[in-house]
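Participant: One structure coming up, written as structure tokens, with questions to follow.
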Amino acid sequence: MNSFINYLKEPELVAEIQKFFGVEYKENLPKKKNIKNGEINGESKVNCDEDTNGCLLRNDINLCDIRDDKNNYCKNLYKDNNYDDDGNKITKVEKLTIINNYYWYYLFLFSTELGDEIFYTTFIPFMFWNIDALVGRRVVLVWGIIMTIGQVLKDVIRWPRPACPPAIRLQNKWSQEYGMPSTHAAISVAIPFSILIFTINRYSYSVPVGLIIVTTWCTLICLSRLYLGMHTVLDIIAGLLLAIVLMIVLVPIVRTIDYYLVTNFIVVVIFIIICVLTIVYYPCSDRWTPTRGDSAMVVAVTSGIHFGAWLNYKTGLILPPIESPPYQINLPSYQTVIVILLRTFLGFSIIVLSKIIIKKITYRVISGILNLDADVLMKSENSLENRWKIVTDLTYKFIFCFIFGVLTIHYLPQLFSAVGIGRKEFYYEF
């Protein structure tokens with residue numbers, strides 16, 4: 001059993017999978033230089049010592065100096081083929097990454113984004129504004145819990161990502177993080193399968209077709225992490241098992257948790273406090289990694305979404321459903337598509353603007369308290385020694401992502417309604 005687990009951890013296995021999809025290393029060996037009579041490729045490069053007939057060692061090339069009274073050139077004996085254009089020995093052979101099939105390359109680049117930050121920050125608001133708020137809240141709750149647990153485990157277990165070489169690293173975005181378990185793999189189960197579970201009895205559609213879609217979604221994300229050299233096979237399996245086990249526990253109780261988070265102020269406050277404490281008492285790592293900041297964003301979005309939902313309930317915006325499920329899924333009309341695009345453009349424009357403003361305010365306020373230069377603090381590198389940079393960055397991320405959640409579910413839907421592009425079903429989805 002141990003040997004099998006070790007086999008799944010091997011970077012060589014990742015390299016074999018990459019090779020199967022057309023990714024491999026190729027040694028970039030320089031051409032053998034024609035060095036003779038004191039010339040390299042026709043140009044004089046070697047200065048002969050007129051006083052000796054012995055062997056010289058110049059630039060790591062063994063040059064046997066044989067005096068020639070006529071032209072005073074040196075005859076040279078090559079002892080290695082790896083030389084640059086000047087005849088200098090190359091001690092490190094360059095390896096080029098060769099991509100033989102760009103179909104897989106672009107497919108997996110797209111697939112890996114389905115489990116990335118850009119996807120979360122676009123898909124979550126889009127779901128609330130244009131699809132279903134109730135399903136959105138429940139999916140966000142499952143996503144937030146599984147993602148946070150996965151990120152914490154990374155800094156507790158501290159297993160490195162696959163060694164390169166033999167694996168080939170085609171993405172460096174998250175290379176500073178540890179690899180076990182793969183949160184991409186965990187989210188590839190959490191998001192699509194929770195959407196399927198929470199919509200089966202709510203909408204009328206073909207469950208087999210839905211199952212094919214979410215399984216394909218999950219498979220592409222997992223394969224993309226292996227293709228890009230970011231995880232071992234064992235990382236992927238661990239991420240999948242983590243999500244499956246947690247969903248078995250979470251899915252039956254999410255409906256109840258969601259109800260109390262929306263209707264009970266004490267429950268939502270306790271939830272926010274738990275989210276803050278999760279970041280404050282986050283497990284310490286032996287080096288700086290972005291996992292703590294990512295976890296801050298996840299728990300802040302989750303708590304912000306549910307606080308915004310409570311605001312909707314408290315202000316009387318939430319109304320009883322007009323019809324009982326299951327609901328029919330109809331293709332959107334031309335006018336509906338235009339309204340969806342307008343909502344999306346207006347919503348994200350305000351979110352981006354709020355991010356810029358919140359970041360500047362947060363850094364300047366904390367810098368003022370600490371008597372530091374805000375611009376220098378903002379541009380400084382992240383490290384365990386740079387304590388105030390970590391504190392400021394975590395504070396900014398939590399505040400922005402919390403406001404991001406409140407804007408998404410409370411303020412922006414009211415703005416959409418005010419300008420005539422609101423989705424009328426939004427406030428009935430409780």
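Participant: Report Rg (one decimal) and Dmax (nearest whole number) for region 193-335, counting Cα atoms only, units Å.
Facilitator: 19.1, 55
Participant: Only four residue types carry charge here, +1 at the Cβ of Lys and Arg and -1 at the Cβ of Asp and Glu. Report the dipole size of region 153-256 about the Cα centre in Debye, rounded to the nearest 20.
Facilitator: Taking the Cα centre of region 153-256 as origin, the dipole is about 100 debye.
Participant: Now a separate question. Report the extension gain between F20 and I322 in nm, rounded to one decimal, defined as 0.36 nm multiplied by the number of residues separating them, less their alpha carbon distance.
Facilitator: Extra length from F20 to I322 when fully extended: 103.4 nm.
Participant: Same structure again: Once you place label points 7 Å from the Cα toward the Cβ at T216 and I98, how far apart are they in nm?
Facilitator: My value for the distance between the label points is 3.2 nm.
Participant: In percent, how large is the relative contact order of region 135-225, given Cα pairs closer than 8 Å and 6 or more residues apart?
Facilitator: Values: 70 pairs, mean separation 32.5, N = 91.
Reported relative contact order: 36 percent.
Participant: Apply 1/(1 + (r/R0)^6) to the Cβ-Cβ distance of S354 and V267, taking R0 = 30 Å, and write down the FRET efficiency to the nearest 0.05.
Facilitator: It comes to 0.65.
Participant: If each residue's Cβ is checked for other Cβ atoms within 10 Å, how do I279, I221, I17 rank with the fewest at the top?
Facilitator: The most exposed by this proxy come first: I17, I279, I221.
Participant: Determine which residues of region 220-234 fall in the zone a paramagnetic label at R169 would reach in this model, i.e. backbone nitrogen under 18 Å from the point 7 Å along Cα→Cβ.
Facilitator: Answer for this model: 225-233.
Participant: Just to verify a number: FRET efficiency for T395 and F123, C-beta to C-beta distance, R0 = 22 Å, to 0.05?
Facilitator: Numbers: r = 26 Å, r/R0 = 1.16.
It comes to 0.30.
Participant: Ok, one more. Looking at this model, which pairs from K154/K360; K154/K355; K359/K424; K314/K424; K19/K154 are more than 22 angstrom apart at the alpha-carbon?
Facilitator: K154/K360; K154/K355; K359/K424; K19/K154
Participant: Here is a follow-up. So how do K360, K389 line up by other beta-carbon neighbours within 10 Å, fewest first?
Facilitator: K360, K389
Participant: Need the C-alpha centroid separation for region 166-187 versus region 131-145, integer Å.
Facilitator: Region 166-187 and region 131-145 have Cα centres spaced 25 Å from each other.
Participant: A further question follows. Using Cα pairs closer than 8 Å and at least 6 residues apart in sequence, work out the relative contact order for region 254-366, in percent.
Facilitator: For region 254-366, the relative contact order is 27 percent.
Participant: Shifting gears a bit: With Cβ to Cβ distances under 13 Å as the rule, what net charge do the other residues near T263 carry (K, R +1; D, E -1)?
Facilitator: Residues close to T263 contribute a combined charge of +2.
Participant: Could I ask something else about it? Using 0.36 nm times the number of residues separating I361 and L415, minus their current alpha carbon distance, what extension gain do you get?
Facilitator: 17.0 nm
Participant: Using amide H atoms built 1.01 Å from N in the peptide plane, name the residues 5+ places from V23, or on other chains, whose amide H lies under 5 Å from its own.
Facilitator: Amide H neighbours of V23, under 5 Å, 5+ apart: N100.
Participant: Label V280 and R387 with points 7 Å out from Cα along Cα→Cβ: what is the distance between them in nm?
Facilitator: With each label placed 7 Å out from Cα toward Cβ, I get 1.7 nm.
Participant: Fewest Cβ neighbours within 10 Å first, please rank E117, E10 accordingly.
Facilitator: In order of increasing Cβ crowding within 10 Å: E117, E10.
Participant: Based on Cα coordinates alone, diagonalise the gyration tensor for region 269-379, multiply each eigenvalue by 5, take square roots, and list the semi-axes in whole Å, largest first.
Facilitator: In descending order the semi-axes read 37, 21, 16 Å.
Participant: For a quick check: with amide H placed at 1.01 Å from N, whose amide H comes under 5 Å from Y327's, ignoring anything fewer than 5 positions away on the same chain?
Facilitator: Close amide H contacts, sequence-distant or interchain: Y203, S204.
Read the figures in this text as sums done on the coordinates, not as results from a lab. As the structure is a computational prediction, the values presented were derived from the model and not from experiment. All Cβ positions, glycine included, derive from the backbone under ideal geometry; neighbour counts span all protein chains shown.
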